[in-house]
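Below is one structure, written out as structure tokens, with a few remarks after it.
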Amino acid sequence: MSLNLVYSFCGWHIALSAFLHIFLPKARISQPMYYLLVMMVALMILLLPANGAPVFYYLRGPAGDFSVFASVFFGAYILNKGWGIAVYREKERRALFFWIGLLGICLYWMTLGGTQYDPYRLGYHPHGLLTILFFLGLYFWYRKYYFLLFAMVASVIGFTARLLESDNLWDYLLDAVFWLVCITLGIISVLKDSKSQRLT
């Protein structure tokens, strides 16, 4: 089994476990035990046979693989919610939604013909992109956004190790599903804040 396929399956398992936690009703058992059950359910869904192949292959086909950044975030979400390990702060989580949302809007809009310039090409020979990430990493360090810094470094290491089948660094930093999740959670967070402010 190739390294790409192993990473892809692990990424889908982590992400599906996080998605199931959001949508499944909360059980009256301890959080760690509940998360173990959720992860087992996610594993069974991915391995469920359909027309002679696991469901995992049918999910991976149209949606592709999750970026390394996304896998790190979903893993941190599970540790935070399931085991109470504060991998990131609330302020840092909001910064994540902002940066990923803004980056996705700019990248996808420009790549799909919004401008004459296609920034996606930077990912194939990423010397300039790595320079930008270096200075962005210094900013994260200055703001004490250590989780964002770790996730970004992990994405670059994943690119070096070729965890994905892609040769483009952008695919290790961002994917469409992760971008939509961040946009959705960011909007929900803003709506909750405005609602709480009105109540107070």
Could you list, in sequence order, all residues of the stretch 178-190 that are more than 14 Å from the chain's Cα centre (by Cα) and either open to solvent by less than 20 Å² (accessible area, probe 1.4 Å) or touching a residue at least 12 places away in the same chain (Cβ under 8 Å) (or both)?
SER189
Which one is nearest to ILE157 (Cα to Cα), of the residues in the stretch 43-69 that are modelled with pLDDT under 85 and within 20 Å of the chain's Cα centre (by Cα)?
GLY64
Checked against (1) at pLDDT 85 or above; (2) surrounded by fewer than 18 Cβ atoms within 10 Å (Cβ to Cβ), ILE29 satisfies every condition except (1)
Residue, modelled with the highest pLDDT, within the stretch 105-131, restricted to residues that are surrounded by 12 or more Cβ atoms within 10 Å (Cβ to Cβ) and β-branched (Val, Ile, Thr)
ILE105
Among the numbered criteria (1) of a type outside the set (Val, Ile, Thr); (2) more than 23 Å from GLY186 (Cα to Cα); (3) within 15 Å of the chain's Cα centre (by Cα), which single criterion is violated by MET40?
(3)
Any residue in the stretch 83-103 that is over 23 Å from VAL190 (Cα atoms), without any contact (Cβ under 8 Å) to a residue 60 or more places away in the chain and of a type in the set (Gly, Ala, Ser)?
yes
Can you find, within the stretch 134-177, the residue that is nearest to GLY123 (Cα to Cα) among those that are open to solvent by less than 50 Å² (accessible area, probe 1.4 Å) and among the aromatic types (Phe, Trp, Tyr)?
TRP170
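The values are calculated or read from the model by the stated rules, or taken from the named source; none is laboratory data. Everything numeric here is computed off the predicted structure, so don't read it as measured data. Counting neighbours? That spans all protein chains shown, and the Cβs are built from the backbone with ideal geometry, glycine included. These accessible areas exclude ligands, DNA and RNA; they are computed on the full protein's heavy atoms, side chains included. Shrake-Rupley method; radii C 1.70, N 1.55, O 1.52, S 1.80 Å.
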